[in-house]
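Report on the following structure.
Just so it is clear, none of the values below were taken in a lab; they were calculated from the coordinates. This is a predicted model, so every value here is computed, not measured. Cβ placement follows ideal geometry from the backbone for every residue including glycine, while neighbour counts extend to all protein chains displayed.
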Amino acid sequence: MKRGVFITLEGGEGTGKSTQIKLLQQALSAAGIETLATREPGGTNQAERIRALLLQRDSGTFDPMTEALLLFAARREHLVDKIWPALERGQWVISDRFADSSRAFQGHGMNLDMRVIEDLYRMVAGDFQPDLTLIFDLDPEIGIQRSLHRSHRAGTTEDRYERMGLPFHQRLRKGFLDIAKQFPQRCVIIDAAQDVQMIHRQVLRVIETRFGVSGKEVQRG
Ligand SMILES: Nc1ncnc2c1ncn2[C@@H]1O[C@H](COP(=O)(O)OP(=O)(O)OP(=O)(O)O)[C@@H](O)[C@H]1O
Ligand SMILES: [Mg+2]
């Protein structure tokens, strides 16, 4: 059986990752591809418990290395328990955030030495890498507004990062663009200021070019 494809969506808060994952998953399913959508931090029962610790508004502060250790512990669970088995079954796995978020948040955002992050990565994932990473780029002032608006509507208090202030989110944006430069073979930057359908079509074009698969465009419900 052919191994599945691993796609990650990355970028700041409120850049439209979750919206596009839903559309992409529907488009690939319509083209006969079995997909599994997942997210980080989290994705498995154990990893979701670590997510709650990191994302809840009232969790307080962590030393950046502690934060990275928790995230990579969650990532290990996610890989072993969910991502790797699904890829082995031939499914396409689409993850809302993955290791580039650790590089951006803890590395660029919180100034943790990038060597620590790369060492942890090798420890938990070895040579494994996403086949494609879509980096959603947007002015953080717009993204945070979109995100807080959505969280408020959904009644969630998972907004510890959203509340970290504009300079932090500006470092994140620049961090993600640096990551795209550092890993040009797997990363594609998406202009997330475009409208939802335009971005969806662009994502499908990237998938077609990279993997020769034509997903069928779906309309946002
Ligand atoms: N291209 C777009 N233009 C305008 N609004 C959008 C666009 N894409 C998504 N939105 C809206 O912005 C909000 C955030 O979108 P979404 O939840 O998809 O982003 P996200 O990147 O997953 O955010 P988070 O990091 O907070 O999970 C939602 O209310 C969504 O409907
Ligand atoms: Mg989301």
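Remarks
- Stretchable slack from M1 to M123, in nm (0.36 nm times residue separation minus alpha-carbon distance): 41.2 nm
- Three principal axis extents describe the C-alpha atoms of the chain; from largest down they are 45, 36, 34 Å.
- Residues N111 and R89, FRET efficiency given R0 of 45 Å [Cβ-Cβ distance, rounded to 0.05]: 0.70
- Residue-averaged [θ]222 nm for the chain, counting only DSSP H segments that reach four residues, each worth -39500 (n - 2.57): -15500 deg cm²/dmol
- Length gained when the stretch D178-M198 is fully extended (0.36 nm per residue, less Cα-Cα span): 4.8 nm
- Across the chain, the relative contact order, built from alpha-carbon pairs under 8 Å that are at least six residues apart, equals 34 percent.
- Pairs of Lys residues in region 6-211, spaced 8 or more positions apart or belonging to different chains, with C-alpha separations under 25 angstrom: 4 in total.
- Estimated distance in nm for a label pair at F168 and M65, the labels positioned 7 Å out from Cα along Cα-to-Cβ: 2.1 nm
- Take the Cβ atoms of R76 and L148, set R0 to 25 Å, and the FRET efficiency comes out at 0.20.
- Those GluC sites (Glu not before Pro) in region 8-77 that DSSP places in a loop and that have at most 14 other beta carbons within 10 Å: E34
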